[in-house]
Amino acid sequence: DVKVTQSSRYLVKRTGEKVFLECVQDMDHENMFWYRQDPGLGLRLIYFSYDVKMKEKGDIPEGYSVSREKKERFSLILESASTNQTSMYLCASSLWGLAGDASTDTQYFGPGTRLTVL
Amino acid sequence: AQSVAQPEDQVNVAEGNPLTVKCTYSVSGNPYLFWYVQYPNRGLQFLLKYITGDNLVKGSYGFEAEFNKSQTSFHLKKPSALVSDSALYFCAAHNFNKFYFGSGTKLNVKP
């Protein structure tokens, strides 16, 4: 079974702090994703990565950055946390897909990190 | 704007009755369509997907989904609901490395 793990289930930070959310997958997947989940809004893509050191902006990248130094690890960074970044953050991974298009493949999700910014 | 719509925030059904969770999409091209389920305090789990071919797709836990291109819909169905099916269900459409998720539908199955 694919396993996607996230470093924390719950996290409380203060406004202005730099926050790191870590995600690790153990199935040698090329693609990794960061989403945030908010009630009534579903999942919104923040960033995804299709290879080491490669990244693509999603729908809501503002206020976030990412790092992928190793294939199995994808980090989400909040440079200066704000209260409107309080949310559930979900990491996912998937195989490469057809002809480099990640759209065809099932995404495997981690358990999520519930971040509260005070 | 491209999007996925789940028109019902909540669906209530009695155990043993059939269930339907609705999904429509407005995404260009021929998107790939997915259903995921989320149990409390868990990440999303894959249920089924439509890539091409037969319009009726069978998935995990007895769920199936019907793709209708003319109505741009991909409704999730199950002939006989279980209490353990109670969860949050998400429809998703992926295309050209763009990933669109619906807002989710909470399914309540009562004994």
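The values are calculated or read from the model by the stated rules, or taken from the named source; none is laboratory data. In this text the structure is predicted, and so the values were computed from the model without any measurement. Backbone-built Cβ (ideal geometry, glycine too); neighbour counts: all protein chains shown.
Exactly one residue out of B:LEU48, B:LEU19 is touching an Asp or Glu at 6+ places or on another chain (Cβ under 9 Å), over 23 Å from A:PHE33 (Cβ atoms) and not basic (Lys, Arg): that is B:LEU19. In this entry, B:ALA5 passes the filter for residues that are among the small types (Gly, Ala, Ser), within 13 Å of chain A (Cβ to nearest Cβ) and either surrounded by fewer than 18 Cβ atoms within 10 Å (Cβ to Cβ) or out of contact with any Phe, Trp or Tyr (no Cβ under 8 Å at 6 or more places or on another chain) (or both).
A quick yes/no check of all residues on (1) more than 20 Å from B:GLY104 (Cβ to Cβ); (2) in contact with a strand residue (DSSP E or B) (Cβ under 7 Å, 6 or more places away or on another chain); (3) among the charged types (D, E, K, R):
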| site | (1), (2), (3) |
| --- | --- |
| B:GLU15 | yes, yes, yes |
| B:TRP35 | no, yes, no |
| B:LYS49 | no, yes, yes |
| B:ALA65 | no, yes, no |
| B:ALA81 | no, yes, no |
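The set of residues in the stretch B:73-95 being out of contact with any Ser or Thr (no Cβ under 9 Å at 6 or more places or on another chain) and within 11 Å of chain A (Cβ to nearest Cβ) consists of B:ALA92 alone. The residues in the stretch A:69-110 that are among the aliphatic types (A, V, I, L, M) and within 12 Å of another protein chain (Cβ to nearest Cβ) can be counted, and the count is 6.
Within the stretch B:1-32, the set of residues being more than 20 Å from A:GLY40 (Cα to Cα), within 13 Å of the chain's Cα centre (by Cα) and modelled with pLDDT of 95 or more comprises just one member, B:LEU19. Annotation note: Cβ proximity below 6 Å between a residue of the stretch A:69-85 that is without any contact (Cβ under 8 Å) to a residue 60 or more places away in the chain and a residue that is loosely packed, with under 15 Cβ neighbours inside 10 Å and not hydrophobic (A, V, I, L, M, F, W, C) (sequence gap 6+ or interchain) occurs for A:ILE77/A:SER65.
Selection within the stretch B:29-84: residues that are free of Cβ contacts under 8 Å to residues at least 60 places away in the same chain, over 23 Å from A:TYR89 (Cα atoms) and of a type in the set (Ser, Thr, Tyr). The member of this set that is surrounded by the fewest Cβ atoms within 10 Å (Cβ to Cβ) is B:SER70. Residues in the stretch A:62-116 that are among the small types (Gly, Ala, Ser), loosely packed, with under 15 Cβ neighbours inside 10 Å and at pLDDT 95 or above were compared, and the one that is farthest from B:GLN45 (Cα to Cα) is A:SER80.
Of the residues making up the stretch A:98-110, one or more are without any contact (Cβ under 8 Å) to a residue 60 or more places away in the chain, part of a strand (DSSP E or B) and of a type outside the set (A, V, I, L, M, F, W, C). Strands (runs of 3 or more DSSP E) fully within the stretch A:1-64 that include at least 1 residues being closer than 23 Å to B:ALA5 by Cα and within 9 Å of chain B (Cβ to nearest Cβ): A:31-38, A:42-51.
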